[in-house]
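Have a look at the structure below, then the notes.
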Amino acid sequence: MGVVACSDGVPEKRDAGSARLVRSGEIPCAPRAVLEAVCQNCHTDPPRNGAPFSQRTYQDIDSDLDGEPVYVRMKLAIEEGRMPLDPYTLTDAQRSTLLEWLSQDAPPAPVGTVCPP
């Protein structure tokens, strides 16, 4: 993988098996809070309850799954109401936070971003 500069200062690498650039960084604070409170009950490392992937790191969310980024699948599952599964739910604000971020192709926060507890 070769490193490629990115206009927003977030390093990117070209994945050898894909034309897509793989970005590095952190999950931004607002989406991270939702993922930790709801999604990571199953989408953890290792995934539980049949979840097909982890959502613990930015690299998990930006990785390819069957030829598309995981964040594309996340957006569809939330929009279609397939996620989260019972007993977990998203408030309207949480759903909005995730969909806004995912609709922007899940941009990363800079590496080392510290979120308030």
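The values are calculated or read from the model by the stated rules, or taken from the named source; none is laboratory data. Note that this is a predicted model, so its numbers are computed, not measured. Using ideal geometry, Cβ is built from the backbone for each residue, glycine included, and neighbour counts are taken over all protein chains shown. For accessibility, only protein heavy atoms count, side chains too; no ligands or nucleic acids. Shrake-Rupley method; radii C 1.70, N 1.55, O 1.52, S 1.80 Å.
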Selection within region 86-97 - farther than 17 Å from Ala30 by Cβ and open to solvent by 100 Å² or more (accessible area, probe 1.4 Å) = Asp86, Pro87
Filter result for Leu65 (in contact with a Pro (Cβ under 8 Å, 6 or more places away or on another chain) and closer than 22 Å to Gly25 by Cβ) | yes
Here are some conditions: (1) modelled with pLDDT of 90 or more; (2) in contact with an Asp or Glu (Cβ under 9 Å, 6 or more places away or on another chain); (3) surrounded by 15 or more Cβ atoms within 10 Å (Cβ to Cβ). Glu26 meets all but one. Which one does it not meet?
-> (2)
Examine region 86-104 for a residue that is under 25 Å from Pro117 (Cα atoms), touching a Phe, Trp or Tyr at 6+ places or on another chain (Cβ under 7 Å), acidic (Asp, Glu) and modelled with pLDDT of 95 or more, and state whether such a residue exists.
-> no
Options Gly112, Gly81; residue that is open to solvent by less than 70 Å² (accessible area, probe 1.4 Å), closer than 21 Å to Cys29 by Cβ and over 16 Å from the mean Cα position of the chain (by Cα) = Gly112
Among the residues of region 50-76, count how many are on the phi < 0 side of the Ramachandran plot, without any contact (Cβ under 8 Å) to a residue 24 or more places away in the chain, of a type outside the set (A, V, I, L, M) and open to solvent by 20 Å² or more (accessible area, probe 1.4 Å).
-> 6
